[in-house]
Amino acid sequence: MTTTFLPFHQQHKNQVVTLFIEVFSASENEQEGQLIGELVKDLIATTATDDLQGFMAFDEDTLIGCIFFSRLTLTNDISAFILSPVAIATSAQVKGVGQGLINHGLDQLKAQGISLALTYGDPKYYGKVGFEQITEQQIKAPLTLSFPHGWLAQSLDDTNLASLATQCQCVKALNEQKYW
C-alpha cells in the first residue's frame, strides 16, 4: 500500500462524509455513523477556513482516511486545535494509516506555529502519536466529558501541559453535548 496524505478539499466533501458514515456505522452502529456524518457536514459548512484543517489519506485514487482539526479558543490565548473526528477505512485499519495521517496533521499544525493539539478519545490509541491524558484543571473542556480519561493533549512547541490552567471553547459544529 502506497499512502499519500493531502489537505482536505471541498471537491472531496461527499467522499469524506461517506467515509465517516461507513467507518462509524461499521465500528459502532448505523445511528453513530449518521451522527458523525452530520458532524463532518456541519464542520465543513459552518467552520471558518482558518479554523478548520482537514487531511486525507489515499491509497492510489481511493480515499482511505480523513481527519479534521478545528480551532479551540483558550482563555490564555495559547493557539490550539482539537483533533475530531478521525476515520480510517475498515480495510486500512491496523496498518499504520491512522497514525501516519495524524502525525502528518500534527506536523502541519506545528509548522504553522500552533502550540497545542487536543483530542477526546482512546488514550491507548492516541498515546501512540504523542497525546497524553490531561485533567480539566489543566484545560477545562468546552462541555461535560462523558469519559474524562479520554481528554488528551500534546504540546507542539515548548508549552508545559502540567502548568496550564485554562478553559476552552470549540467551534460551533462541535459545541453540542452529544459529541462529548
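Every number in this text was worked out from the coordinates using simple rules, so none of it is lab data. Since the structure is predicted, the reported quantities are computational estimates derived from the model, not experimental observations. No Cβ is skipped: glycine too gets one built from the backbone with ideal geometry, and neighbour counts run over all protein chains shown.
General observations
- Whether segment 1-83 is rounded, prolate or oblate, judged on the alpha carbon gyration tensor where a/c under 1.5 counts as rounded: oblate
- Cα-Cα over 24 Å, subset of Lys140/Lys178; Lys95/Lys124; Lys41/Lys124; Lys95/Lys128; Lys140/Lys172: Lys41/Lys124
- Nearest-0.05 FRET efficiency for Glu30 and Ser155, computed from C-beta distance (R0 41 Å): 0.60
- FRET efficiency estimate (nearest 0.05) - Cβ-Cβ, Ala165 to Leu6, R0 30 angstrom: 0.20
- Choice from Ala57, Ala165, Ala80 showing the highest fluctuation, given a GNM over the chain with Cα pairs closer than 10 Å: Ala165
- The phi torsions of segment 148-165, fed into the Karplus equation with coefficients 6.51, -1.76 and 1.60 and a -60° offset, translate into couplings of x, 5, x, 7, 10, 8, 8, 7, 9, 9, 9, 4, 8, 4, 5, 9, 6, 8 Hz, rounded to whole numbers, with Gly and Pro shown as x.
- Hz values of 3J(HN,Hα) by residue in segment 17-34 - Karplus curve (6.51, -1.76, 1.60), Gly and Pro given as x: 4, 4, 4, 4, 4, 5, 5, 6, 5, 6, 8, 10, 5, 4, 4, 5, x, 5
- Overall form of segment 120-180 per C-alpha gyration tensor (a/c, 1.5; a/b vs b/c): oblate
- Cβ crowding within 10 Å ranks Trp151, Trp180 as Trp180, Trp151, fewest other Cβ atoms first.
- Separation of the Lys110 and Glu136 label points, Cα + 7 Å toward Cβ, nm: 3.1 nm
- Between Thr144, Thr62, Thr166, the residue with the greatest mean-square fluctuation in the GNM of the chain (Cα pairs under 10 Å linked by springs) is Thr62.
- Taking Cys170, Cys66 and counting other C-beta atoms within 10 Å, the order from fewest to most: Cys170, Cys66
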